[in-house]
Amino acid sequence: MYNSIQHFIKEGTKDLEKIFIDYSADLTKIAEMVYGVTDGVVSLGLSIMAEELEMYDEYLRKSTDRKKNWYIVRRDETTLLTSLGSITYHKTLFKNKETGSCEYLLDRYMGLEKHARMTEDAEAKILEEAVESSYRKGGENASIGLENVSRETVMNKIHVLRFPLAKPQGEKKQLRYLYIDCDEDHVSLQYLDKKGDIRKRRRSNTIMPKIVYVYEGITNENGRNELVNARYFGGVYEGTEGNRVLWDEVWDYIDGSYDTEYLKKIFVNGDGAVWIKSGARLLDKGKFVLDKFHMHKYIIGATSHLLECVEDTRSKIYGAIRKRRKKYAEGVFKRILNVTEGESRIRTVEAARTYILENWTGIMEQQKNKDAEIECSAEGHVSHVFADRMSSRPLGWSKTGADKMAHLRIYYYNKGNMLELVRYQSQEWKQAAGAELPALSAGDMIKMENADKKRLGSMADMPVYTIPYPQIKKIANFKNHIWGL
């Protein structure tokens, strides 16, 4: 660090002085001043970080305890992309005397996997952009510098993401009702596993990521309806087993966040799809409720051709629903069919009749629970959570890409921290045997500091340069880190 600061004081301040002199000649050029200062400060920061990493590598090289188990093979130059820019530094390759394995010990202590080319903060910046816009822009957002990451690299990183399960809210709440809204998006596929396999296998070119969100009710404190303590779940959960996995995740969250003994009902709102109804059955105290959007949609579709009788016929259907008279509703649809002509219109009416009657229990659940805040905003949430990124534009996905992006969008809408997500990926990464090394002693540190002072010469006497306590403190922290591995 000190070398970089001393060099900046001696040379970098001259560059800054020139920037401010140029600005004084034309005060409208504030942007140029900002750009110039930014470049200078960023360059200093990158230089300091490179020097710090080389300092720790030097500690490992000079460690007498390290020599018991590892010997030096060579020192290599490497570049690591950070959100600030690329840092270039040297690190030492060591070989274990017992196992014969070679390793850059500095990488191990830094938590870098083999062949890592970027830091966690750069990966987090990539995800922050990719979840909202595109793989390409995610790559461009990795660093504030000119360095970019290819869209293929971004895609590959997203394809291997693992996501943590939803954490319970904390102390369990006692509520009489909980609400769950469900729906799915229709996302276009380019391929399943590799390009061209959809046509070859004659498979559908769409996939449907599911969204489920649990909430405690609806508030209107800010002048618009908002869900209370909403928690989102979703992704591509295919088949009976995938559906069970999804609802198990939902139940684990509910069971960890709420007093399920006190809970009276969990209203599961949706369009009547099989996976939604099965979810209501899988959840303890779950009750399926047909959302009003789809109910109105089918009723309107079945009556729109009746001209002057439209309003009267619709009111009869809604009347049957309010009075909970299924037979009467069935009779209304029968009369509609008697006056309907054309195969297409007849099919529309029959589809509406089937839909309403088969979901009658879900319609009645809402009628029987007027005291509950049963609403459904799933259509809007599908648009915001999934469609805005995945299907509203002419995009094509792989099956894995659609699933991972759906999970990433869910994580984003749950206000998940992208840096924490990046760190979650390496939680199970184990340290290599024999890599645990003690730190250098304070005496070793003082010797190294004195050697640095001699090498720096007159620059070491500048006020910014102090020895040896800051370095000893850092090496003590390093020691704690090593012994914790």
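The values are calculated or read from the model by the stated rules, or taken from the named source; none is laboratory data. The model shown is predicted, which means the values in this text are computed figures rather than measured ones. No Cβ is skipped: glycine too gets one built from the backbone with ideal geometry, and neighbour counts run over all protein chains shown. Please note that ligands, DNA and RNA were not included when accessible areas were found on the heavy atoms of the full protein model with its side chains. Shrake-Rupley method; radii C 1.70, N 1.55, O 1.52, S 1.80 Å.
Descriptive notes on the structure:
- Segment 108-172: radius of gyration over Cα atoms, expressed as a fraction of 2.2 N^0.38 Å: 1.34
- Stokes-Einstein translational diffusion, segment 210-258 - Kirkwood Rh over all Cα pairs, 1.567 mPa s, 4 °C, in µm²/s: 107 µm²/s
- Residue-level accessible surface for Val41, protein heavy atoms, 1.4 Å, Å²: 80 Å²
- Two-decimal log10 I(q)/I(0) for segment 322-377, as the Debye equation yields it once each C-alpha is a single scatterer, q = 0.16, 0.26, 0.29 Å⁻¹: -0.59, -1.02, -1.14
- Segment 12-127: relative contact order as a whole-number percent, Cα under 8 Å and 6+ apart: 20 percent
- The simple Förster model, with R0 at 56 Å and r as the Cβ-Cβ distance, assigns Lys167 and Arg75 a FRET efficiency of 0.80.
- Across Lys277/Lys415; Lys114/Lys399; Lys292/Lys327, pairs whose alpha-carbon gap is larger than 23 Å: Lys277/Lys415; Lys114/Lys399
- Translational D in µm²/s for segment 206-308 (Stokes-Einstein at 10 °C, 1.306 mPa s, Kirkwood Rh from C-alpha pairs): 102 µm²/s
- Residue-normalised accessible area of segment 16-159, given per residue in Å² at a 1.4 Å probe: 54 Å²
- For Asp183, residues with placed amide H under 5 Å, excluding near neighbours: Ile211
- Amide H contacts of Lys285: none lie under 5 Å away among residues 5 or more positions distant or on a separate chain (H built 1.01 Å from N in the peptide plane; Pro and chain starts excluded).
- Think of a 1.4 Å ball rolled over the protein heavy atoms: segment 264-320 then has 45 Å² of accessible area per residue.
- Whole-percent pair-distance distribution, where bins are 10 Å wide, for the alpha carbons of segment 279-351: 17, 46, 24, 10, 2
- On the beta carbon distance between Glu11 and Asn205, with R0 = 56 Å, the FRET formula returns roughly 0.40.
- Segment 106-124 and segment 352-398 have Cα centres lying 43 Å from one another.
- Solvent-accessible ranking of Arg314, Arg347, Arg393, largest area first, probe 1.4 Å: Arg347, Arg393, Arg314
- For segment 1-154: Kirkwood Rh in Å [reciprocal of mean 1/r, alpha carbons]: 18.0 Å
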